[in-house]
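Below you'll find the structure, written out as C-alpha cells, and then a few comments.
The values are calculated or read from the model by the stated rules, or taken from the named source; none is laboratory data. Every value quoted in this text rests on a predicted model; they were computed, and no experiment measured them. Neighbour counts run over all protein chains shown; Cβ positions are idealised from the backbone, glycine included. To get the accessible areas, we keep the full protein, side chains included, count just its heavy atoms, and leave off ligands, DNA and RNA. Shrake-Rupley method; radii C 1.70, N 1.55, O 1.52, S 1.80 Å.
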Amino acid sequence: MKKLSYGCTLDCFDCCKFNVYVEDNKIVKMEGDKNHPYTKGFVCKKGLAHVDKLNHKDRIYSPMIKKNNKWVEISFDEALDIMAKKLKYYKDNFGSKSIMYYEQYGNGSVLKSIANIFLNMYGGVSEAKGGPCWSAGMKAQKYDFGSAKSHSLEDMLNSKSIFVWGKNPAFTTIHTTKMLKKAKDNGSKVVVIDPIYTETAKMSDLYIRVNPGGDFALALAMGKIIVEQDLYDEEYIKSYVLGFTEYKDYLEELNLDDLLRKAGVSKGEVQKLVDLYTDKYSTLLLGYGMQKYKNGGNTIRAIDALGAITGQVGFSGGGVNYANKVFLGVLDKDPYNSEDFADNRLFYVSDMSDFIDESLKGDTYYKDKIFTKNIENKECLEKINVPVKMAVITKSNLLNQLPNINKLKNSLEKVEFKVCFDMFMTDTAKVCDMFIPTTTTLESEDIIFSSMMNPYIIFNEKIMEPKEKLMDEYYFFRELAKRMKLKNYPLVSKREYLTKVIEPLKKYYKDISLDKIRDEYITIHKSVAWEDKKFLTPSGKIEISLYKEDFKDDKKGKFRLLTNHDRDSLSSYHFIDKEGISKAYINENMAKYKGISDGEIVKLKSENGSIKVEVSIDNSIGDNIVMMYVGWWGKHGNPNELTDSGKSDIGGQVTYNETFVEIEIKCK
C-alpha cells in the first residue's frame, strides 16, 4: 500500500494536508497528516469529500458540443480542433481581446490556472479584476501595511484578548477554532463581533452583535474612545505610523451617538471592547463578510488603524490578521514570462454583464486598462472597439457564485461561443456551447499553497490516473498550444514547469525540490507578522487614511440579505446532491412581524429577481436580516438571483451584502 502526499485545493483558510493510501489503483484511506505542523491530523468533511467527487455518478468524462440545443459527445481530438479553429478565427477577425477569460477559486493548485498562461501567450484577452472573496480587504492591507501578513495560530496563546471580527472559524477554519479553544483555556479572552450569533460566538467570553454594515462605525467609535481616553501609543505612532493627526482630526468631527446608532451597539459595549483591546497584547482575526459592502476597504482600514494607534502591530500576541501572503510574490507563478506576450484589457467582476453588453454594441472605455462605465471625460480614457465573441471559463461556476446572475446569464448568452472546463454540468456549463471535462486534483500532480492561514506549501502527488490524460488542463492546453503553433509556449513536463515555479525558494532552502516539499514541511513564514517594523508602504510606515462617510440609515422596511458559508460546504461544490429548495433564516421576532411559521415556503424578492425558499426560524440571526448559505444551485433557488452587483470602494470587491429583499408570504 502506497502513502501519497495531497493538499486540499478548496478555497478554504486551512489548505489541509492529507495522507492518501492507495492499493491496486484504489484509494483505501484518506486522512489528515498527523505530523503536519498546521493540519496536525485534523481535517473536515469538505476535504474528505474529494473522494466522493472522484467517482460521482454525475461526473462527466467526455468533451461535449451543443448541437440544436442538445449536448453531443465528441472526442478530445475534435474538441482541440474546434477550440483551435475558434481561437484562430476570432483573433484573426476581431483581435485576441475578443476572447473573455474567467477563472475563480474553484481550485487553488498552481497548474489548474494554466489557461491563463496559454491565453497570455495567445496574445492577451479580456480578463477580470477584483472578485467575490477578499479583494477590498487585500487592497486595504496593501495600502496600510504594504501587504497582508498574519501571525501563526500558535501566537494566539500570547494574546490577552482575541477579537474574532466578522469571522466564523467554527464553520470556515477548523484549525483556528481549535487554537481559539486552547487559547481560551490558557486564559485568553475570546471576543466575537458579528451580526450573527455564530457557533464561534457561542464559545466566546464576549459577544457583540453589530449591525450589518456597521463595522466601520464600530471601529471609529472604538478609535474615538481610545483617542479621547489617551489609550493610544504615542511613541509607537511617532516611530511607525503615518497619518495619525488626520485620523485624530476626523474622529473629533464625529458624533459618538451617530456611530453607535449605525453600529447598533451601546456605549458600554464599545467601552468593554476598548478596555479589552488596549490591554496589550490583543489580536484581531478579520473575516471577509464585512468588506462585501460599498465601504469594504474603508472598513478594513479603520480596523487596521486600531492596531496601529495602540501599537499592537509587529508584536507577539498582537497583529491584524486578514490574510497571509507567505508564498504569493515569492514563487514564480509565471516562470516563462507569459505576461510579456499579453496585451490584456481588464474589467471588474461586478461589471462583467455591462462589459459584455457594451462591447457588443461597439466602443468601450478604459481607465488604467480597466473597463469603466463612467465616460464623462472620454478624452482622458482609452477607447477600444472589440466585441466579446468567445468566453473561456475555468475553475468557476460563475452563474452560481457571482451576483445578479439573471442579468449575467442574459449577457453571457449573447457571447457567440462559450467553453466551460469542469467536472460536472453546472449552472454555468449549461449555458455554454462546449464542455471540456477536467481531472479532480486527486488525478493531477501539482503544488498548492494558501494565502489565508496555512503557511506551508504542499506537493500534490497524482493519486489516481485519470480516464484520459487530456482531462488534465495542463496537458490539454499544452496540446492546444502545439496545434496553434504558439511561439515560446513551454512544451515541458509538469515537473520541469513546477521546478521553475519553486526556484525562488532556493533563497530560503538551497536544496529545494519537489521531492523535498513532498517529504518535508516547508514554510518561509515568521510567527509574528511585521516584527521588524519594516512595512512595505511608500513611507515604510503604517499608513492610516480613511475617507469620510455620512452614516445614513439603511433601507427601512426591507430585510438585508447576508450570504454566508455553511459548515459542510464551500460555494456550490458540495450542493450538487442536495434535494428540495433552498433555506433562508430569520429570527423569531421577524417571523412574528411577517406572520411566517417555521418551514413555510415564501418568496424573497429584490430589484434583481426572486426565489422561493423554505424559512427556518433561528434566533442567532439579528433583526431585519435574512441569512442564506451560498452554494444553492438554480434548481434549489440561488440567493445570487437577488444579490447586488456593485463594487466596493477599493479592490473591486463584489458588494453582496448591499442586497435588500422583501418577503412575500403568499407563495404559490
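Filter the range 557-615 down to the residues that are within 21 Å of L408 (Cα to Cα) and of a type in the set (A, V, I, L, M), then identify the one that is surrounded by the most Cβ atoms within 10 Å (Cβ to Cβ).
L604
Looking at K418, K333, K389 in this structure, which one is within 22 Å of K635 (Cβ to Cβ), charged (D, E, K, R) and at pLDDT 95 or above?
K418
For I621, state whether it is touching a residue at least 60 places away in the same chain (Cβ under 8 Å), closer than 25 Å to L259 by Cβ and assigned to a loop (DSSP other than H, G, I, E, B).
yes
Every residue in the range 470-486 that is without any contact (Cβ under 8 Å) to a residue 24 or more places away in the chain and either outside any helix (DSSP H, G or I) or open to solvent by 50 Å² or more (accessible area, probe 1.4 Å) (or both), please.
K482, K485
Residue-wise test of (1) polar (S, T, N, Q); (2) surrounded by fewer than 20 Cβ atoms within 10 Å (Cβ to Cβ).
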residue: V265; (1), (2): no, no
residue: G268; (1), (2): no, yes
residue: Y288; (1), (2): no, no
residue: G297; (1), (2): no, no
residue: R301; (1), (2): no, no
residue: S316; (1), (2): yes, yes
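Of the residues S113, S135, S109, which single one is open to solvent by less than 10 Å² (accessible area, probe 1.4 Å), in contact with a helix residue (DSSP H, G or I) (Cβ under 9 Å, 6 or more places away or on another chain), in contact (Cβ under 8 Å) with a residue 24 or more places away in the chain and not acidic (D, E)?
S109
If I ask for residues that are open to solvent by 30 Å² or more (accessible area, probe 1.4 Å), among the β-branched types (V, I, T) and either part of a loop (DSSP other than H, G, I, E, B) or free of Cβ contacts under 8 Å to residues at least 24 places away in the same chain (or both), which ones from the range 62-106 would you list?
Result: V72, single match.
Where in the range 352-460 are the strands (runs of 3 or more DSSP E), entirely inside, with at least 2 residues that are open to solvent by 10 Å² or more (accessible area, probe 1.4 Å) and of a type outside the set (K, R)?
Of the strands (runs of 3 or more DSSP E) lying wholly inside the range 352-460, those with at least 2 residues that are open to solvent by 10 Å² or more (accessible area, probe 1.4 Å) and of a type outside the set (K, R) span 382-384, 417-422.
Just to be sure before I move on: is R261 over 27 Å from the mean Cα position of the chain (by Cα), among the charged types (D, E, K, R) and not in a loop (DSSP other than H, G, I, E, B) in the structure I sent?
Criteria met by R261.
Looking only at the range 533-549, which residues are assigned to a loop (DSSP other than H, G, I, E, B), among the aliphatic types (A, V, I, L, M) and either at positive phi or open to solvent by less than 40 Å² (accessible area, probe 1.4 Å) (or both)?
I544, L546
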